Structure formats: C-alpha cells, structure tokens
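The values are calculated or read from the model by the stated rules, or taken from the named source; none is laboratory data. Model, not experiment: these values are computed from the prediction. Cβ: placed from backbone, ideal geometry, glycine included. Neighbour counts: every protein chain shown. For accessibility, only protein heavy atoms count, side chains too; no ligands or nucleic acids. Shrake-Rupley method; radii C 1.70, N 1.55, O 1.52, S 1.80 Å.
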Amino acid sequence: MTSDLAHVAVLVPVKPPAVAKSRLAGLGDTARQELARAFATDTVAAALACDVVDRVLVVTDDHALAEALSGLGAEVIPDGTSDLNGTLLQAAAEMHRRDPSLRLAALCADLPALRPEELALAFAAADPDSMSFVADQERVGTTVVIAPTLGAFRPSFGDGSRALHLDAGAHEVEGVDVPSLRRDVDDPDGLAQALLLGVGPSTSMVATVWALHPPTEDRTTSHVQATVSGFDAQTRAGRVLLDDGAELPFAQDALAGTGLRLLRPGQRVRLETHGRRDALVVARIQILTLD
C-alpha cells in the first residue's frame, strides 16, 4: 500500500525528564526536569493540532509523562533500545503496522515554540518520493525527518545530523518560513530564543514559575491594539491579529492578573508586547473597554 501524501504519522522520542536536557542543568535540577517535560508536552500538542497529522506516536520510558501525553491524544509505546535511530526505526515499523497508509515523520521533542501551521508547511515541502529533513536554526542538527514510506525512513540523528542526512541523499527542506520548527532547545541560549518566538502553554507556565525570560536587550516593551483571532477556553491560550495583518500567539500567562476568563474571536484588545518586531511576545492582554 502506498502512502497518502496528504497525511502523516509523527513519531516523537522522549527521554525521561530525569536524564534529559543536561545542558540546562545550570538552571537547577528541578527546573531542568520541568522544562524537559514541558518541551515534550508542547511539541506533542502542536503536532496533534497540525491539520495533516493523523496520528502521533510517542516513545518514552517515563510512565508519568506517557500518561500525560496519552491524555492529550497521543499513542505511547515504551522505548525498546538505547539508540535513538534504532528507537525511531522500531517506532516507524510499529506505526506502519498500525496504519501503513501514512507518511512517517520523526520529530524532536524539544520544540516548545512549534506552530502547527509551520509543521504543515514543512510536510507540504517534503519530497514525495524520498526522505526529507528540516535543519535546526544553526544548520548543524535536524529537527524533523519525513519519509513517504517505511522503506525510505532511515533517520541519522546525532552530532552533525544535517551533514549525515545530506550525505545519505536526503532532501533538505528549504525556502519555507518555519522558525518555530527550527528552534530546538538544548541550552539556555536556545531557550531564550524559543521564548522570544513564543512558547506553548506548558513551557510558558514553567518559564513563569522559574522567572525565565528572553534576553533583556530584546525585551523592548510596546503597546498596540489587535483583534482576537482564536482562543482556547481550556488552555486559555490563543492568537491575535495585529492591525498590520501580522498574527501573534499568546499563552495563558498573558491573561494573568487581568480578571479575564474568556476571549472571543473579533474582540478588540490592547496588547503589551516584549521583543523585537520580528519576534514579538505577547506579555499582557486587556479588553479595550476595560481601561
């Protein structure tokens, strides 16, 4: 059976938070573990929200995280090997057994700023006949590998994985604007850049608790008006459309202390934003009539 190029099964390998993200150890062990857990949660949630993703299969040996991600709608299996690429090959074979009609994509679990629409753009730009990949922001590593069939799925994650994938003949996805898909987080600088892009609700909550913020030189504060374009009453996160046509996401902490519980599409709001114009973060939202 051939793959349906419109739909994808996403495989997400997740290390147990107890041993993950060692380069964030300087933030403290508890913060490191909470961030690793939050990164995986926001990554999986974004993948599940992507229009062309039919199934998400998480591979992890952390029972608490497995239960939480299963609650989001992901399928979960235990890790059968200590080798990342071996883990992915086993996961791909299992997903192919469950649904052989889907393309296969291996997605890193440390993409807390991931936007579902950017993931869809990358999938649309992938080669329909061979394995493709998206390089990370530094163009050294890889954040996602996409294959049309199980036979074409041969990931080479690890040090210098971009070069490894190129050497293996994989197609590099370029020419698409997917900054949130390229911004994996391994160290404090990567975390700062992800926070500038705007992270998902789980990472936003952990960052707020531990007072983690983007670099001070990028925290220029401005006040602008906008229109609510989307709102999730359960997560209290959403998106706003600026008057110049740009759309920005916001996390639940943008409503903290405002007394607001719900927002509706079309509602006019005033924003307090931080950051550069090309990487704004919505810090606070208020209804215009509540001045």
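Below are the figures for this structure:
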read-out	value
Residue count for the stretch 47-59, restricted to those that are open to solvent by 10 Å² or more (accessible area, probe 1.4 Å) and either over 24 Å from residue 118 (Cα atoms) or within 16 Å of the chain's Cα centre (by Cα) (or both)	6
So residue 114, is it touching a residue at least 12 places away in the same chain (Cβ under 8 Å) and within 14 Å of the chain's Cα centre (by Cα)	yes
Residue within the stretch 252-263 that is modelled with pLDDT of 85 or more and in a loop (DSSP other than H, G, I, E, B) present	yes
Count - residues of the stretch 194-216 that are surrounded by fewer than 19 Cβ atoms within 10 Å (Cβ to Cβ) and not aliphatic (A, V, I, L, M)	5
Some residue of the stretch 159-168 being of a type in the set (Gly, Ala, Ser), at pLDDT below 95 and closer than 23 Å to residue 56 by Cβ	no
Residue selected from the stretch 217-231 under the condition open to solvent by 60 Å² or more (accessible area, probe 1.4 Å) and closer than 30 Å to residue 33 by Cβ, by the criterion modelled with the highest pLDDT	219
Breaking point among (1) in contact with a strand residue (DSSP E or B) (Cβ under 9 Å, 6 or more places away or on another chain); (2) surrounded by fewer than 18 Cβ atoms within 10 Å (Cβ to Cβ), for residue 234	(1)
The stretch 67-96, subset aliphatic (A, V, I, L, M) and open to solvent by 20 Å² or more (accessible area, probe 1.4 Å), residue nearest to residue 20 (Cα to Cα)	84
Verdict on residue 138 being at pLDDT below 95, at negative phi and open to solvent by 50 Å² or more (accessible area, probe 1.4 Å)	yes
Residue check for residue 64: open to solvent by 10 Å² or more (accessible area, probe 1.4 Å), out of contact with any Gly (no Cβ under 6 Å at 6 or more places or on another chain) and farther than 22 Å from residue 103 by Cα	yes
Residues of the stretch 80-108 classified as touching a Lys or Arg at 6+ places or on another chain (Cβ under 9 Å) and acidic (Asp, Glu), total	1
Positions within the stretch 182-192 being part of a helix (DSSP H, G or I) and either buried (at least 19 other Cβ atoms within 10 Å of the Cβ) or modelled with pLDDT of 95 or more (or both), in sequence order	182, 190, 191
Scan of the stretch 175-189 for residues that are touching a residue at least 24 places away in the same chain (Cβ under 8 Å) and not aliphatic (A, V, I, L, M), ordered by number	175, 177, 179, 180, 182, 183, 184, 186, 187, 188
